[in-house]
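The values are calculated or read from the model by the stated rules, or taken from the named source; none is laboratory data. Note that the structure is predicted; figures quoted are calculated from it, not measured. Using ideal geometry, Cβ is built from the backbone for each residue, glycine included, and neighbour counts are taken over all protein chains shown.
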Amino acid sequence: MDLQRISTCNYPVRDRDLDYTFRLIADSGYRKVDLWGGLPNYSNTPDECDVTALKSKAAEYGLLIANLGTYPGRKIFDVGPEAEFEEMKRAIDNAAFLGSRSIRVCPGTGEDPAIIPELVPFFQKSAAYAAGKGVYMGMENHKGSIAGNPDACAELSSAVDSPHFGVLYEPANLMACGVDYKNAYAAFGDYVTHVHVKDSHVVDGTYERTMLGEGSIDYAWVTATVEAGGYTGDYALEFEIQDRVDIAIGLPKWLEYFLAL
């Protein structure tokens, strides 16, 4: 795997300042960061986040911001599509300025696929705007939204019908949902816009995250399959076992493992 296509999520240190975060990531061998969409890291709100300063701070440590872990789309049913589209535009504009390939989006709230018809016009409009900026949008496979349902992901992505909108493929999150990640890819593989990487397994009915390479997810299969499907984006390594393994020790090991695939 090419180092230039690997990033790491700063989510496990999301409460630390950017100097700490960027130094940790750079010292661990990474050149890209998948930046969580919350303070003190990033915010779509202009008076909460100076994106010019953010870009400069990343450059100090030799880092590029590959993806913004934002949430536009989540409040569409609370504030309405027009207000939420303004949130979407800010995220897309900031991603374009920062040189980020992609952003995370949310397909509303709730797990009922009946919401899909209401989401389609919003994401079609958003995808057209994102295409003009060269930014890709991905809804992350996760419990609590229709993005945890592979068939719903495929239905919404097909209806939006844009290469700039689709699925943030997250095999471990799918496992946590009780969904087979290989079968899930078969359902929505044509629409993958971004990939998150962490490992996990189920022991005695309990879902557990593991060190990369020690769980049940076959990342050699994942990378070979998405590459064969035409994926050319990044792989974001998401270290979320900091309660058991020192991140300064574990994060470089994850990079070493993934580079060897």
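Worth pointing out:
- With respect to the conditions (1) loosely packed, with under 15 Cβ neighbours inside 10 Å; (2) without any contact (Cβ under 8 Å) to a residue 40 or more places away in the chain, Glu118 lacks only one, and its number is (2).
- Selection of region 159-198 for residues being within 24 Å of Lys32 (Cβ to Cβ) and part of a loop (DSSP other than H, G, I, E, B) yields Pro163, His164, Glu170, Lys198.
- Of the residues in region 195-218, none is surrounded by 17 or more Cβ atoms within 10 Å (Cβ to Cβ), over 21 Å from Phe258 (Cα atoms) and touching a residue at least 40 places away in the same chain (Cβ under 8 Å).
- Residue match in region 65-73 (condition: over 14 Å from Gly37 (Cα atoms) and surrounded by 15 or more Cβ atoms within 10 Å (Cβ to Cβ)): no
- Residue count, region 199-223 (criterion: part of a helix (DSSP H, G or I) and either within 20 Å of Arg104 (Cα to Cα) or in contact with a strand residue (DSSP E or B) (Cβ under 9 Å, 6 or more places away or on another chain) (or both)): 3
- Qualifying residue in region 98-114 (condition: of a type outside the set (Lys, Arg), out of contact with any helix residue (DSSP H, G or I) (no Cβ under 6 Å at 6 or more places or on another chain) and part of a helix (DSSP H, G or I)): yes
- Filter result for Val226 (modelled with pLDDT of 95 or more and either touching a Leu at 6+ places or on another chain (Cβ under 6 Å) or assigned to a strand (DSSP E or B) (or both)): no
- Some residue of region 56-64 being surrounded by 19 or more Cβ atoms within 10 Å (Cβ to Cβ) and under 25 Å from Asn141 (Cβ atoms): no
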